[in-house]
Amino acid sequence: MTTSFPAGFLWGGATAANQVEGAYAEGGKGLSIQDVLPRGIQTPPTEAPTPDNLKLEAVDFYHRYAEDIALFAEMGFKVFRLSIAWSRIFPNGDDDAPNEEGLAFYDRVLDELERHGIEPLVTISHYETPLHLARAYGGWTNRDLIGFYERYCRTLFERYGHRVRYWLTFNEINSVLHEPFLSGGIPTPKDQLSEQDLYQAIHHELVASARATRLARELAPGAQVGCMILAMPTYPLTPDPADVVAAMQAEHANYAFGDIHCRGEYPGYLLRYFREHGIELDVTDQDREDLRHTVDFVSFSYYMSLCETADPEKKVAGLGNIMGGVPNPTLEASEWGWQIDPQGLRVVLNDYWERWQKPLFIVENGLGAVDQLVEVDGTPTVVDDYRIAYLDDHLVQVGEALADGVDLLGYTTWGCIDLVSASTAQMSKRYGFIYVDRNDDGTGSLERYRKKSFHWYRQVIATNGAMFGRRADDVAPALQH
Ligand code: BG6
């Protein structure tokens, strides 16, 4: 079917500072947790940065942002999602004053976006907590982080509030349930972290997020603040009602983050969980008041769905994702084991819209795949029909959800330019429309090349999504070079 996307729909792409910028020790930047995660979430952090950590140089966006933004403009981007590296602005996280050189860098990036008429969408904290806050304070388990984050947000809103309309407080805030160090800067190994400490950390993040929302209203009138959730619809593995309840409970663990962001209070099912697991949170009256500052919109990432079962014997691992769950026997998986489920995106869109009645924003979606650089008519490129098919299949479902009446602000594909993977820290897990010549061993010229999907996406945007379901072969030949 052909569904028209609303006028003004925000088409674009998304990145995170730690995965593209590099320049980890330039411009007065302090260390972040990413600088000690050379293997992503696969191995524990190192003591200090090590040369095998690809994020230290990443794809050098720090020096090449003008060239990259020009390529985004060539695709017709209306919006570009970037994150600000907290440790560029407050190198240790607890500094009294911000680092002017770091602020000036993002001034330049925003200038460049403005020059091309691309709207910025800024993630305030994307898996890059300053390392000092992790090591000296225990990350978000410590209430002091609320104040440090608030000071950071105040600095950002005062500096950029007049030119950035869309803000996200924490990337995939619910992922802290599974990756406490990556997501919450919590250095205690996962298997030694108590649920008491984990949920206290989550509480601090939720209060910090609400305070950021309140602050934005004061300092950046007109700004829209959203939460950002890792969306993974959980289906019952079988029609057995016990599996349905298991799936519901798995959904609750994630819904809680959206419920609190949108309704301003803890949901009953989570309070029950606390009661039954001996979790007693330190919640002040001020916290309760802060939480009432609910978000303007809900953003989320979507890559895959999963299943849940009540039967311990069927609880096999096997998904390459960070959220656990049981594989779905009806779905195919990517080369990294992420199960591909375009219809799940329609499910999430309907579900979130009906649950929260707030505008939605898809801020991540895409296929991590191995690409082959080849020459077509003498021009280096990647013939990534698999990526086009993945995105096209998902956009068809976005069209269905729009027809269902969902209010959707925009769509930014993940890793619009190749970048370093978050979970595995590889370059070879590529998502981009733009190929970056860098390999897993760190070699490569860092040259940029347009993939076939670059031309496809340009046409998608130019037609405001009127071309789905027609796939790669329909990309007008004239647009392919
Ligand atoms: C999301 C993150 O989890 O998924 C991104 O917000 C990440 O930072 C993306 O890169 C894809 O995951 P990965 O592990 O393939 O890089």
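The values are calculated or read from the model by the stated rules, or taken from the named source; none is laboratory data. As the structure is a computational prediction, the values presented were derived from the model and not from experiment. All Cβ positions, glycine included, derive from the backbone under ideal geometry; neighbour counts span all protein chains shown. All accessible areas refer to the heavy atoms of the entire protein, side chains included, with ligands and DNA or RNA removed. Shrake-Rupley method; radii C 1.70, N 1.55, O 1.52, S 1.80 Å.
Of K55, K78, the order by accessible heavy-atom surface (1.4 Å probe, DNA, RNA and ligands excluded), from most exposed downward, is K78, K55.
Solvent exposure of the chain amounts to 37 Å² per residue of accessible area, where only protein heavy atoms count and the probe is 1.4 Å.
With all protein chains in place and a 1.4 Å probe, the accessible surface of the chain carries 50 percent carbon and sulfur. The antiparallel fraction among DSSP beta bridges confined to the chain stands at about 20%. In a simple Cβ point-charge model (Lys, Arg +1; Asp, Glu -1; nothing else charged), the chain has a dipole of about 760 debye relative to its Cα centre.
What is the distance in Å between the Cα centroid of segment 279-317 and that of segment 46-102? Using only Cα atoms, the two centres lie 28 Å from each other. Quick one: Cα centre-to-centre distance for segment 1-39 and segment 166-233, in angstrom? Answer, in whole Å: 17. Length, then width, then depth: along the principal axes, the Cα atoms of segment 286-400 run 63, 41, 30 Å. Applying a length cut-off of 18 Å (Cα extent along the axis) and a mean Kyte-Doolittle floor of 1.6 to the DSSP H helices of the chain leaves no helix. The GluC sites (Glu not before Pro) of segment 19-82 that DSSP puts in a loop, and whose beta carbon has at most 10 other beta carbons within 10 Å, are E47. On the basis of the beta-carbon distance and an R0 of 30 Å, R108 and F274 show a calculated FRET efficiency of 0.05. Calculated [222 nm] ellipticity per residue, helices only, for the chain: -11500 deg cm²/dmol; basis is -39500 (n - 2.57) per DSSP H run with n ≥ 4, divided by all residues, nearest 500. Positive contributions from Lys and Arg (+1) and negative ones from Asp and Glu (-1), summed over other residues with Cβ under 13 Å from the Cβ of P51, come out at -3.
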